[in-house]
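> Take a look at the following structure, please.
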């Protein structure tokens, strides 16, 4: 299997995963500065989705290829451009077998995609294959839980409660994708270094998240908006959602809005 298609998430993806205004542009500028990209650079993103990362690059005139399993997600990106002239090419395909030539790009970007594929090592090898000499793979990850010692964010609180509920229900790892590496897992760095890359870890940007509440985040789990819920059998999800509602009802302040600090970290791999 090539991975998980996000066709079912098109209607709500941007509302639940989008950045506050200006953050995506800051991220683009940080990537450009880190990689010292020229305006003629050719970029590819594995798992482009609705263009959360891609759109600022495309609007700035970069040559950009996006690959995704979901035609519907990429269709949303096309609608955002509303017929404007660009150097974007969207390809429906598997990131473990990128449908592009060898040594064609200056940078390959991957954000929150490796935990969704069957073989993340193969996906990383493919990203390297399509790079020109001197090119770079950029793995980026949102780090959402603020500074150590700070109050836990609504998202983190709900995640912890949801995980505990699944433990109570004896949900096996394959229905929770617990074994899939998330974020900037050390295994990614080990694999990249074993292939001969030098790997740099850094923080690209810091920002404030959009306001969120415990109740609103819990509702996303209850409505199966997150891919971590999609493999659960319907009866198991229904019971987990019921128990999560009980947890929300007993929460001391489920409707308090927070704008927690966040940052976007990166793992940048270069060869040669």
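Bear in mind these aren't lab numbers, they're just calculated from the coordinates by the rules spelled out. Since we're looking at a predicted model, the values are computed, not measured. Note: ideal-geometry Cβ built from the backbone for every residue, glycine included; neighbour counts use all protein chains shown.
> Assuming 0.36 nm per residue, please report the length gained on full extension of the stretch residue 118 to residue 7 beyond their Cα-Cα distance. Let's see the in-between values first.
Values: separation 111, 0.36 × 111 = 39.96 nm, distance 1.78 nm.
Extra length available between residue 118 and residue 7 comes to 38.2 nm.
> Relative contact order, percent, of the chain when contacts are C-alpha pairs under 8 Å separated by at least 6 residues?
On the way: 443 pairs, mean separation 56.1, N = 272.
Result for the chain is 21 percent.
> Using a ≥ b ≥ c from the Cα gyration tensor of segment 31-130 (square roots of the eigenvalues), is it rounded, prolate or oblate, where a/c under 1.5 gives rounded and otherwise the larger of a/b and b/c decides, a/b for prolate?
oblate
> Between residue 104 and residue 125, what is the spin-label point distance in nm, taking each point 7 Å from the Cα along the Cα→C-beta axis?
Rounded to a tenth, the inter-label distance reads 2.0 nm.
> Continuing with this model, one more query. Could you work out how far helix 71-81 tilts from the main Cα principal axis of the chain, as a 0 to 90 degree angle to the nearest 10?
70
> Then there is this: Which shape class, rounded, prolate or oblate, goes with segment 124-263 when its Cα gyration tensor gives a ≥ b ≥ c as root eigenvalues, a/c under 1.5 marks rounded, and past that a/b bigger than b/c marks prolate? Walk me through the numbers before you get to the answer.
On the way: a/c = 2.84, a/b = 1.60, b/c = 1.78.
Judged from the Cα gyration tensor, segment 124-263 comes out oblate (a/c at least 1.5, b/c at or above a/b).
> How would you order 102-114, 185-197 from highest to lowest mean count of nearby Cβ atoms within 10 Å?
Working: 102-114: 20.9, 185-197: 15.1.
Final packing ranking: 102-114, 185-197.
> Listing 57, 6 from the residue with the fewest other Cβ atoms within 10 Å to the one with the most, what is the order?
Values: 57 28, 6 20.
Placing the least packed residue first, the sequence is 6, 57.
> Right, here's the next one. If you stretched the chain out fully between residue 227 and residue 245, how much longer would it get, using 0.36 nm times the residue separation minus the C-alpha to C-alpha distance? The partial results should precede the final answer.
Values: separation 18, 0.36 × 18 = 6.48 nm, distance 1.93 nm.
Length gained, residue 227 through residue 245: 4.5 nm.
> Under a point spin-label approximation (7 Å from Cα along Cα-to-Cβ), what is the residue 152-residue 202 distance to one decimal in nm?
Computed distance between label sites residue 152 and residue 202 equals 3.3 nm.
> Let me ask you something else. Can you tell me the length gained on complete extension of the stretch residue 84 to residue 26, counting 0.36 nm per residue apart and subtracting the Cα distance? Each step should come with its number before you reach the end.
Details: separation 58, 0.36 × 58 = 20.88 nm, distance 2.19 nm.
Computed gain between residue 84 and residue 26 is 18.7 nm.
> Helix 154-168: angle to the longest alpha-carbon principal axis of the chain, degrees 0 to 90, nearest 10?
70
> Could I ask something else about it? Grab the DSSP H runs of the chain that are 4 residues or longer, score each as -39,500 (n - 2.57), total them, divide by all residues and round the 222 nm result to the nearest 500 deg cm²/dmol. Write out the running numbers ahead of the final one.
On the way: 9 runs with 94 residues, N = 272.
Calculated from helices alone, the mean residue ellipticity at 222 nm is -10500 deg cm²/dmol.
> Report the Cα centroid-to-centroid distance between segment 42-67 and segment 70-133 in angstrom, as an integer.
8
> While we're on this one: Could you list the residues of segment 11-40 with an amide nitrogen less than 15 Å from a label point located 7 Å from the Cα of residue 257 in the Cα-to-C-beta direction?
20-21, by backbone N distance to the label point.
> What is the angle, in °, between the Cα long axis of helix 234-249 and the longest principal axis of the Cα atoms in the chain? Nearest 10 is fine, range 0 to 90.
Once rounded, one gets 70 degrees.
> Further, regarding this structure: So how far apart, in nm, are the two label points at residue 190 and residue 219 if each is 7 Å from Cα heading toward Cβ?
Result: 4.2 nm between the two label points.
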